[in-house]
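Engineer: Structure below; questions to follow.
The values are calculated or read from the model by the stated rules, or taken from the named source; none is laboratory data. Since the model is a prediction, treat every value here as computed from it, not as a measurement. Every residue, glycine among them, receives a Cβ derived from its backbone with ideal geometry; neighbour counts consider all protein chains shown.
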Number of protein chains: 2
Amino acid sequence: MPDGTDYTIRPIARIRSDLPTKFGIPRQAGLVEELEAAVVFEPEFRSADALRGLEGFSHIWLIWQFSGALREGWSPTVRPPRLGGNARMGVFATRSPFRPNALGLSCVRLLAVEKDAALGPVLRVAGADLMDGTPVYDIKPYLPYADCRPEATGGFAPDAGRTLRVEYAEGAAEKIPADKRAALTGLLARDPRPPYQNDPARVYVLPFAGREVRFRVEGETVIVLSAAP
Amino acid sequence: MPDGTDYTIRPIARIRSDLPTKFGIPRQAGLVEELEAAVVFEPEFRSADALRGLEGFSHIWLIWQFSGALREGWSPTVRPPRLGGNARMGVFATRSPFRPNALGLSCVRLLAVEKDAALGPVLRVAGADLMDGTPVYDIKPYLPYADCRPEATGGFAPDAGRTLRVEYAEGAAEKIPADKRAALTGLLARDPRPPYQNDPARVYVLPFAGREVRFRVEGETVIVLSAAP
């Protein structure tokens with residue numbers, strides 16, 4: 001029986017992804033399908049047995065910590081970026097990181113369960129909205145009959161929202177490894193700027209895959225200026 | 001940045017439901033739509049502001065603790081009831097309670113956000129697979145565009161599984177409050193017996209809504225024998 005006390009949870013794994021900071025992380029899982037990540041288990045949880053049968057599921061849930069937002073604490077209301085940063089909503093009506101328990105929930109596509117000589121079993125996933133280093137507390141199979149609710153209606157967030165066009169200045173695309181380009185384009189198309197900001201001259205710097213990607217946004221178009229290592 | 005340490009989470013709410021023990025709890029949320037429950041916030045989280053906008057969502061996620069299974073610890077493999085209790089699967093390929101971090105995840109239908117004079121805001125939900133007293137750590141809106149994945153395939157658990165027929169012995173149904181009868185029928189139809197057990201003479205006692213519901217199972221039929229207060 002519950003005893004009213006707090007509960008201490010321990011990371012079973014960490015995320016390895018191309019996004020070392022919060023900037024640019026898609027606002028939900030699945031929005032940028034091209035964005036891949038790896039789930040690397042902590043040494044005490046490197047057990048192939050614990051994953052037996054997982055490869056039969058196309059999608060999995062990750063429960064993780066908003067480790068990049070911990071210091072800021074929580075507030076009963078938040079301003080969802082989707083509402084332009086103006087309207088306040090209850091924190092429990094949003095997926096905001098600033099929650100009493102800073103737990104995130106992501107449905108990602110399971111690409112492969114791999115075996116790494118040094119790291120043990122590693123999960124490769126697509127559609128990740130996860131910062132590099134994010135602690136993961138649980139992995140569960142996505143059960144379509146219980147988790148997929150086509151009848152559900154989505155309040156103030158009924159769809160994935162708008163996307164921007166993405167263009168690369170001459171020579172910029174080639175600075176991004178070919179297998180990372182679609183992911184970068186996908187996440188820029190989701191407009192990573194903070195709400196309120198709409199200055200076409202402003203240059204943003206996005207750390208991505210070991211590069212510093214510089215871009216600006218003119219109207220509905222993102223222009224990638226450079227991508228220096 | 002994550003620092004490798006454990007994370008202590010605090011219940012924001014507790015479940016009030018008609019199931020005081022683990023016995024009879026549906027194996028996933030949504031399987032018994034008639035089964036209602038209430039989410040009652042802990043005193044420090046009784047904030048109507050924190051729920052603003054939630055009423056616009058038809059479904060919500062609850063992240064909670066398998067408080068009835070904590071003592072048993074975890075094991076890398078488990079025997080899912082759906083496989084008859086024979087085959088072993090990795091714990092992360094199942095929704096078993098016996099996990100390294102005993103966190104549960106349920107998508108329930110949001111019936112109403114009510115205001116109770118004594119308890120503050122209370123969420124009424126349907127399709128609950130939750131024991132009375134369960135600590136809840138987080139509540140999030142179900143976002144159809146991110147959480148509903150019609151293309152997902154379900155490994156060894158592709159559907160909700162079989163149901164049993166439910167019959168009531170003479171006079172037994174009347175002992176259950178009329179507004180609880182459909183929920184009881186629904187959860188019995190899901191066959192709450194432990195795997196392996198198939199003795200038509202065996203009488204099971206299910207605590208439900210303040211009653212002791214006695215039943216046995218003959219082939220594919222559940223027979224409710226009595227329901228004493």
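Engineer: How many residues does segment A:217-227 hold that are crowded, with 18+ Cβ neighbours inside 10 Å and either of a type in the set (Gly, Ala, Ser) or touching a Cys at 6+ places or on another chain (Cβ under 9 Å) (or both)?
Structural biologist: Total satisfying the criteria: 1.
Engineer: Go through segment B:195-216 and count every residue that is exposed (fewer than 14 other Cβ atoms within 10 Å of the Cβ) and among the charged types (D, E, K, R).
Structural biologist: Residues meeting the conditions: 3.
Engineer: For segment B:170-184, what are the residues that are part of a loop (DSSP other than H, G, I, E, B), small (Gly, Ala, Ser) and surrounded by 14 or more Cβ atoms within 10 Å (Cβ to Cβ)?
Structural biologist: B:ALA172
Engineer: Quick one: is B:ALA160 of a type outside the set (S, T, N, Q), closer than 23 Å to A:LEU143 by Cα, in contact with a His (Cβ under 6 Å, 6 or more places away or on another chain) and not assigned by TED's automatic domain parsing to the domain that holds B:GLY104?
Structural biologist: no
Engineer: Going by the structure shown, is B:PRO192 buried (at least 19 other Cβ atoms within 10 Å of the Cβ) and in a loop (DSSP other than H, G, I, E, B)?
Structural biologist: Taking the combined requirement at face value, the residue satisfies it.
Engineer: For residues that are facing chain A (nearest Cβ under 7 Å) and either under 9 Å from B:ALA13 (Cα atoms) or part of a helix (DSSP H, G or I) (or both), tally how many sit in segment B:36-53.
Structural biologist: Going residue by residue through segment B:36-53, those that are facing chain A (nearest Cβ under 7 Å) are B:45, B:47, B:49-53.
Pick out the ones that are also either under 9 Å from B:ALA13 (Cα atoms) or part of a helix (DSSP H, G or I) (or both) and you get B:45, B:49-51.
Total meeting the criteria: 4.
Engineer: Being out of contact with any Lys or Arg (no Cβ under 8 Å at 6 or more places or on another chain) and within 30 Å of A:PRO144 (Cβ to Cβ) is the requirement here; does B:LYS140 meet it?
Structural biologist: no
Engineer: Then there's this: Kindly list, by first and then second residue, each pair from a residue in segment B:119-131 that is at positive phi to a residue that is in a loop (DSSP other than H, G, I, E, B) and among the aliphatic types (A, V, I, L, M), limited to pairs with Cβ atoms under 9 Å and residues at least 6 apart or on different chains.
Structural biologist: Partner pairs satisfying both residue conditions: B:GLY120/B:ALA48; B:GLY127/B:ALA29; B:GLY127/B:LEU31; B:GLY127/B:VAL32; B:GLY127/B:LEU35.
Engineer: Looking only at segment B:216-229, which residues are assigned to a strand (DSSP E or B) and farther than 22 Å from B:GLY85 by Cα?
Structural biologist: Of everything in segment B:216-229, those that are assigned to a strand (DSSP E or B) and farther than 22 Å from B:GLY85 by Cα turn out to be B:ILE223, B:VAL224, B:LEU225, B:SER226, B:ALA227, B:ALA228.
Engineer: Which condition from (1) out of contact with any Cys (no Cβ under 7 Å at 6 or more places or on another chain); (2) of a type outside the set (Phe, Trp, Tyr); (3) surrounded by 19 or more Cβ atoms within 10 Å (Cβ to Cβ); (4) closer than 24 Å to B:PRO150 by Cβ is the one that A:ALA102 breaks?
Structural biologist: (4)
Engineer: Does B:ARG162 satisfy the criteria of being part of a loop (DSSP other than H, G, I, E, B), surrounded by fewer than 12 Cβ atoms within 10 Å (Cβ to Cβ) and within 14 Å of chain A (Cβ to nearest Cβ)? Lay out the reasoning, then the answer.
Structural biologist: Numbers: part of a loop (DSSP other than H, G, I, E, B): yes; surrounded by fewer than 12 Cβ atoms within 10 Å (Cβ to Cβ): yes; within 14 Å of chain A (Cβ to nearest Cβ): yes.
Taking the combined requirement at face value, the residue satisfies it.
Engineer: With respect to B:ASP199, is the statement that it is among the acidic types (Asp, Glu) and either in a strand (DSSP E or B) or within 12 Å of another protein chain (Cβ to nearest Cβ) (or both) true?
Structural biologist: Here the answer is no, as B:ASP199 does not meet what is asked.
Engineer: While we're on this one: Kindly indicate the residue of segment B:111-145 that is of a type in the set (A, V, I, L, M, F, W, C) and buried (at least 23 other Cβ atoms within 10 Å of the Cβ) and also modelled with the lowest pLDDT among those meeting that condition.
Structural biologist: It comes out as B:ALA128.
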